[in-house]
Amino acid sequence: MSDTVDDPNMLPQATSEPLRRAIGDRYLTYALSTIMHRALPDARDGLKPVHRRILYAMRELRLSSTGGFRKSAKISGDVMGNYHPHGDAAIYDAMARLAQDFAVRYPLVDGQGNFGNIDGDNPAAPRYTEARMTVFAEALLDGLAEDAVDYRDNYDGTLQEPVVLPASYPNLLANGSSGIAVGMATNIPPHNIAELIDACLHLIKSPDARDDTLMNHIQGPDFPTGGVIVEPPESIAQAYRTGRGAFRLRCRWEIEDLGRGQWQIVITEIPYQVQKSKLIERIADLIQTRKVPILADVRDESTDDVRLILEPRSKNVDAEALMGLMYRNSDLELRFSLNMNVLIDGVTPCVCSLKEVLRAFLDFRRDVLLRRARHRMEKIDHRLEVLEGLIVAFLNLDRVIEIIRYDDAPKAALMRERWDRTFERAASEAEYVSPPASDEPGLTEVQTEAILNMRLRSLRRLEEMELRAERDTLMEERAGLEGLLDDVAQQWRTVADQLKDVKKTFGTSHPIGARRTGFSKAGRTEDVPIEAMIDREPITVVCSQMGWIRALTGHIDLGRALKFKDGDGPRFMFHAETTDRLLVCGSNGRVYTLSAANLPGGRGMGEPLRLMVDLPNEADIVELLIHKPGRKLLVASSAGDGFIVPEDEVVAQTRGGKQVLNLRAPARARVCRPVDGDHVACVGENRKLLAFGLDELPELSRGKGVRLQKYKDGGLSDAITFRGAAGLTWHDPAGRTRTVSDLAEWIGKRASAGRMAPRGFPRDNRFN
C-alpha cells in the first residue's frame, strides 16, 4: 500500500500569519481568561469563580449551617471534579480562607479543625478538617431554586452551574476581594454589612445621590482584625469617589499600669493581613539592632485574643513617642490600598466608585426579584390549574367515581366529559353510561392526573373547603405579583424591605455584626528627644584600639587597668551619661551618631562598633567624643585640607552616618577635634609646625575645605586649636606637659610651609 495521498484535499491545510499577531491573539485570550475567570470578582455577588463553585458544591452536598460537617477533602474533590478543573490544593486554600475569621469579615465557611491562625500557620491537610456553610453563605445562595439567576454548562457539559449567585447582601464590599490579573489588579477592603445596607437604602430613595452623601452611612472599611484607621476623611472620600486610594491602618493599644510608676503597652488588635509571628520577629529585630532604643522587650501573651506586650526601657519613656517610632519602623501601621477593579455584569472590567458598585448590586437585586416573581407566578398558575380540576371533581364526585370505577379509559373519559356544576349523579352502577365525545374537554391533562392521583382520604367535605381557601389565597398572591411586575416603585420598595430584613439578621444584633475598626486622627507625633525618655545615669565609655566599645556603670578612675582581647588595648576612655549622644568620626570622612544608652554593658569585652554603625572595614576610627549642641569641630584630611563645622550639622539619624569631609583617594580624614581657642596649629609628617588665626578657616557643613599647610612631601599629621595668649601645649614622651608661649617663630599665614617643631615635640607628631 502506498504511503502517498492522491487527493490533495486530504492534506492538512497550513496557514501563516505574523508571529507578532499570533502571539498577541493567544496572549490576549489568556489575559481575558485570567481577568474574567480567576482574578477579578463579580460586582453582583462579589465572588470569584472558585469561591462561587465552592459554595454551590456545598449546597449540592446539603451542607447547611444547621446540618452536619463533611470532610474538606470531599468538598474540594467535588468542586474539582464537577465544576473547577484546577488543582485541589488551590481549591482547598480558597475554601480555608473563607473559613478564617481573621481574613474574612463575614466567614462563608464554618470550619471544624485547624484552618490556620493569625500567626501565619497553614491549615491542616483537607483529610483532617471538616466544613459546612455559614448563614452568610446561605444568604448568598438564597433564590437559586427559584430561577433567580442563569445557569451554564460546567467545563465538560455534564452538569449545570450558576453564572452568579443571588446574593442577598453586597458581598463584594462586605468581605472585600484581592487579585492580580494580567495588566490589572483589584484590592477591595471589607466593610460593615449594616452600613452598606444603609447606603443601599439611601441610594434606592435617592438614585442621584453622590458618593460623598453615601459616606454619611459608610464610614470606611471594617477589617476583621479591627485596628484604627487614621486616614483623613477627605482622603477616604476621594478614594471612594475615584475607586483608587489607600487607608492608613494602625494597631489598637492601651497602657497597662503595673504599679509603682511602671507601665507597659498592650496591643490588642493588629492591622489587617499582618502575620503576628512576623510582626513579633520584626519588633525583636528592632530591639536587637537598637533602632528603637527606648523599647526594652516584646512578649506575646496571646490566647484566643491578640495580646502583645511592649515593655519600655524606662518609666520615663513617653508612650506616644514610643508608638510613633513603632509605627515608622514596623507593621503596627500600614497602608491598605484600595483598587475597586471589578467585573460589571460579569463581563466588563472597570474601576468603579462606591456608588457604581452599590448601583450594580441594587440593579442585580431588582433583576433577581423580577425573576423570582415570574417563577412564583408560573408555580401559582400550575397550582391553580390543579385546584380548579380538584374542585370540579368535588362538585361532581359521584360521576368522577363512576367514571374511574367503570370506564376502561378513565383518563380520556374524564378529559372529554362536559362537567356541569348541576350535574345529576347516576343513581346506581347499572345506570352508568360512557360519556360522549366533546369538542371542549372538561379537564386538562394536568387536572386529570391530579384527580386520578387523589387519595381516598381526601374525599371529605373539609378538604373541598381547604382547596377553595387555597385557591383564593393563591389568586390574591398572583394579583400581588402582577402588580409588582407592573410597578417599578413597588419593586424598589420590595428590594428595600428585603435589605432591611438582612440588616435585621446580620446587623449589630448579630454576634459579629458590630463595627470592629475604629477611626482616629493621626495627630502629629512630636519629635521628643530620646535622651529625654532615658534615665540619666553616669557611665564610663571605653573603646579599644580594634574598635570594641562598652559602657561601664558609673564614673570609674580613667587610669584603672581594664581587660581587653589579646592583641588589643585601650584607645578612648572618658566619662559620660546615658542621655549623651556620641559622635564617631571615621577616616572615610563620615561622622556617625550613637546613643550612649544603647552601648553594651561593661561585664564583657563589649561589641564591635562596626555592628552599630555602617563603618566600612577599610575605615578607621579617627575620633570618639560626646556630642555637645552648639559646639564646633575642626576637621582636616591627611592632604592638609580642613574647615570648621558646627557640631549640630554632623549629627546623623541613621546608621549610615553623614558625610562631612569630602576626600579624594588616597587622602583620609585625620583630624576631628572640638574648637577651643582662637588659633590653629598644624604639624605635618615632615615635623614642620604652623600656627595661624582661626578666622582664616571657613565654616562649612560639608566640603573639602581649604589648605591648612603646604607640603612638598607627605601630608598633615595633626592639628589642634588653642588660645594664642595661653600658648601651645603638648605632652612630651615622658608624659610631662610643655608649653611654648612665644610662637612668633611659627605663626604665619594659612597654607604656608611652617618651621620645624620646637625641641621636645612628640616623635609621633601628635599634640596629645
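The values are calculated or read from the model by the stated rules, or taken from the named source; none is laboratory data. Quick caveat, the model's predicted, so the values are computed rather than measured. Methodologically, a virtual Cβ is constructed for each residue, glycine included, from the backbone with ideal geometry; neighbour enumeration extends over all protein chains shown.
Among the residues making up region 582-603, those that are under 16 Å from Asp535 (Cα atoms) and among the aliphatic types (A, V, I, L, M) are Ala596, Ala597, Leu599. Of everything in region 499-517 that is hydrophobic (A, V, I, L, M, F, W, C) and buried (at least 16 other Cβ atoms within 10 Å of the Cβ), the residue that is farthest from Leu201 (Cα to Cα) is Phe506. Within region 235-256, work out how many residues are farther than 18 Å from Thr213 by Cβ, buried (at least 20 other Cβ atoms within 10 Å of the Cβ) and free of Cβ contacts under 8 Å to residues at least 40 places away in the same chain. Number of matching residues: 0.
Among the conditions (1) buried (at least 19 other Cβ atoms within 10 Å of the Cβ); (2) closer than 26 Å to Phe572 by Cα, Pro733 misses just one, which is (1). With respect to (1) among the aliphatic types (A, V, I, L, M); (2) surrounded by fewer than 16 Cβ atoms within 10 Å (Cβ to Cβ); (3) within 27 Å of Asp318 (Cα to Cα), the lone exception for Leu611 is condition (3).
The number of residues in region 257-272 being touching a residue at least 12 places away in the same chain (Cβ under 8 Å) and surrounded by fewer than 16 Cβ atoms within 10 Å (Cβ to Cβ) comes to 3. Determine whether region 621-640 contains at least one residue that is in a loop (DSSP other than H, G, I, E, B), in the same structural domain as Asn686 (by TED's automatic domain parsing), surrounded by fewer than 17 Cβ atoms within 10 Å (Cβ to Cβ) and polar (S, T, N, Q). No, region 621-640 has no match at all. Within region 646-668, being within 43 Å of the chain's Cα centre (by Cα) and part of a strand (DSSP E or B) holds for Lys658, Gln659. Counting the residues of region 216-237 that are among the polar types (S, T, N, Q), touching a strand residue (DSSP E or B) at 6+ places or on another chain (Cβ under 9 Å) and closer than 20 Å to His202 by Cα gives 1. Here Ala103 fulfils each of the conditions (1) buried (at least 20 other Cβ atoms within 10 Å of the Cβ); (2) within 26 Å of the chain's Cα centre (by Cα); (3) without any contact (Cβ under 8 Å) to a residue 60 or more places away in the chain apart from (3).
Take region 732-768 and flag every residue that is among the polar types (S, T, N, Q) and assigned to a loop (DSSP other than H, G, I, E, B). Please lay out each step first, then the result.
Filtering region 732-768 for residues among the polar types (S, T, N, Q) gives 737, 739, 741, 752, 765, 768.
Of everything in region 732-768, those that are among the polar types (S, T, N, Q) and assigned to a loop (DSSP other than H, G, I, E, B) turn out to be Ser741, Ser752, Asn765, Asn768.
When region 198-234 is filtered for residues that are of a type in the set (S, T, N, Q) and surrounded by fewer than 20 Cβ atoms within 10 Å (Cβ to Cβ), the ones remaining, listed by number, are Ser206, Thr213, Asn216, Gln219. The single condition from (1) more than 17 Å from Gly748 (Cβ to Cβ); (2) under 57 Å from the mean Cα position of the chain (by Cα) that Ile720 fails is (1). Pairing residues of region 714-739 that are closer than 23 Å to Gly693 by Cβ with residues that are outside any strand (DSSP E or B) and β-branched (Val, Ile, Thr), at Cβ distances under 8 Å and at least 6 apart in sequence or on separate chains, gives Thr721/Val675. So, in region 75-126, how many residues would count as being within 20 Å of Glu161 (Cα to Cα), of a type outside the set (Ser, Thr, Tyr) and assigned to a loop (DSSP other than H, G, I, E, B)? Total satisfying the criteria: 5.
Kindly establish whether Val671 is more than 23 Å from Val584 (Cβ to Cβ), among the β-branched types (Val, Ile, Thr), at pLDDT 90 or above and not in a loop (DSSP other than H, G, I, E, B).
Numbers: more than 23 Å from Val584 (Cβ to Cβ): no; among the β-branched types (Val, Ile, Thr): yes; at pLDDT 90 or above: yes; not in a loop (DSSP other than H, G, I, E, B): yes.
For Val671, the condition - more than 23 Å from Val584 (Cβ to Cβ), among the β-branched types (Val, Ile, Thr), at pLDDT 90 or above and not in a loop (DSSP other than H, G, I, E, B) - is not met.
Scanning region 575-606 for residues that are modelled with pLDDT of 90 or more and surrounded by fewer than 16 Cβ atoms within 10 Å (Cβ to Cβ) yields a single hit, His575. Taken over region 707-738, the residue count meeting the criterion of being of a type in the set (Phe, Trp, Tyr) and either at pLDDT 85 or above or within 18 Å of Glu696 (Cβ to Cβ) (or both) is 2. For region 547-573, a residue qualifies if it is surrounded by 15 or more Cβ atoms within 10 Å (Cβ to Cβ) and either of a type outside the set (Val, Ile, Thr) or not assigned by TED's automatic domain parsing to the domain that holds Asn598 (or both), and the qualifying residues are Gly547, Trp548, Arg550, Ala551, Leu552, Leu562, Phe564, Arg571, Phe572, Met573.
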